[in-house]
């Protein structure tokens with residue numbers, strides 16, 4: 001429309017709002033607009049002013065309201081090929097708000113596991129329903145993203161199918177972590193509840209690890225790491241059940257406390273949780289082997305399986321007593337490819353007392369072969385280096401460094417010169433060294449067979465896997481807190497996430513049973529032979545639930561493969577039934 005368009009008379013315009021006496025037609029930069037003119041007195045300028053309210057358009061001698069114009073014309077006034085069918089604004093807002101889409105991903109599996117393990121019930125009993133929902137939701141976040149950054153939760157949680165639908169900003173998250181550890185008696189109440197869910201014959205693995213931290217909390221101190229260097233860290237001890245794979249207790253310690261000094265703390269926690277009523281059994285590694293530690297376990301009435309160091313005289317005596325039997329068929333341990341014999345002992349402890357322990361001595365042909373091969377390869381390589389050695393051209397009188405090697409004890413003294421004449425092996429010294437190749441020992445504070453002790457000790461790698469999966473899958477290797485209270489609160493979340501993760505990994509490892517229809521059952525391969533935990537999360541990424549205005553939910557984007565994964569984990573209806581734990 002041209003800039004000098006003639007303004008028509010209002011009575012000639014079709015649909016013109018004649019009842020609006022303030023309506024006027026004006027030329028606004030080439031467009032015929034309908035406006036309401038409002039006049040008012042300006043004290044500042046000392047004169048009357050006009051204020052215009054634009055209410056419509058005049059096109060082809062026809063009046064269009066602003067809404068009608070937007071439906072039928074573009075911004076330049078050209079008629080649209082198809083007019084828009086627009087709902088009333090209020091109705092559009094109502095429908096848009098009612099169609100609520102939530103990403104479900106693997107969260108229904110997490111919730112079902114937490115429910116079956118009694119974790120939800122125990123969290124609710126200690127911290128209340130709302131806090132329990134928040135703990136689970138944050139744990140789901142850490143499991144899903146493999147990150148434990150609290151401040152990321154609020155932005156991530158939008159449009160997720162979670163038990164907790166409340167917003168938790170970063171500041172509130174910090175207060176929430178601190179509040180978890182400030183509940184009176186939470187440790188005893190919560191850990192006792194987890195402990196009661198273990199079978200009576202459950203055996204526990206115990207170990208300690210270090211978590212790196214740059215915080216200034218009390219427990220963060222410089223300690224020696226696995227690489228031998230000193231880092232700012234906090235100590236963490238953990239108890240995990242063998243059969244259930246369920247974590248039952250964690251404890252934070254200063255980062256400068258070594259693993260072996262945590263034994264007394266562990267025994268104290270046992271007594272604190274059980275009230276002295278339950279006898280515990282735990283598996284600990286060789287690092288804890290010492291007479292004082294064994295005495296502590298015995299005096300506390302704890303059943304312990306511990307890897308033994310063979311350099312102790314009383315352990316050597318037990319080995320010598322067992323040696324004649326370690327080639328007998330009656331001592332062969334089935335499915336372990338080794339032989340075992342139990343020797344009762346009563347060593348004298350540092351306090352002068354004698355206490356009863358049982359040394360379980362084992363012989364493994366495979367271990368013996370590996371150790372012999374490694375030993376003789378070292379000797380032969382050493383002899384080759386000996387005969388090839390030459391002094392530096394700059395120092396003809398240089399002393400051969402091989403003379404200070406610990407391997408020299410396996411050669412006759414005074415025989416052989418470096419780089420000139422060969423060494424001669426000392427048969428007696430070598431025979432003494434290889435005598436115990438293939439031999440290893442466990443010590444128990446309770447009477448049991450060598451087979452039972454070995455079977456339970458082999459389960460000990462479970463706790464190493466727990467630490468490893470926790471550090472890789474929920475970012476447990478780093479703690480981002482600056483106060484003791486928030487740090488411990490964070491580990492409550494990590495503990496919940498680890499409980500869910502361990503059970504999920506257990507379900508992935510167990511072969512599921514499938515019933516084809518005629519009643520017979522067939523065994524399928526474990527899920528972990530087909531996918532890792534991260535791959536499982538990728539497979540379950542797409543499922544969503546859409547809720548209508550009446551609150552009815554509908555599953556979308558669920559594939560046959562995802563139903564199959566849920567069924568093989570033991571939850572066939574995870575993506576069929578709408579979760580009753582989600583409240584909009």
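The table below gives the values:
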{"item": "Order of 174, 413, 532, 184 under a 10 Å beta carbon neighbour criterion, fewest first", "result": "184, 413, 532, 174"}
{"item": "Whole-number Å³ per residue for the convex hull built on Cα positions in the range 10-86", "result": "125 Å³"}
{"item": "Cβ-derived FRET efficiency at R0 56 Å, residue 81 paired with residue 560, nearest 0.05", "result": "0.85"}
{"item": "Cα-derived Rg over Rh, computed across the range 367-434 with Rh taken as Kirkwood radius", "result": "1.03"}
{"item": "Contact order relative to length of the range 10-86, as percent, for alpha carbon pairs under 8 angstrom and 6 or more apart", "result": "22 percent"}
{"item": "Relative contact order of the range 367-434, defined on C-alpha pairs under 8 angstrom at six or more residues apart (%)", "result": "30 percent"}
{"item": "Rounded to 5, percent antiparallel among DSSP beta bridges of the range 10-86", "result": "95 percent"}
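Each reported figure results from applying straightforward, stated rules to the coordinates on display, with no laboratory input. Computed from a predicted model, the values in this text were never measured in an experiment. No Cβ is skipped: glycine too gets one built from the backbone with ideal geometry, and neighbour counts run over all protein chains shown.
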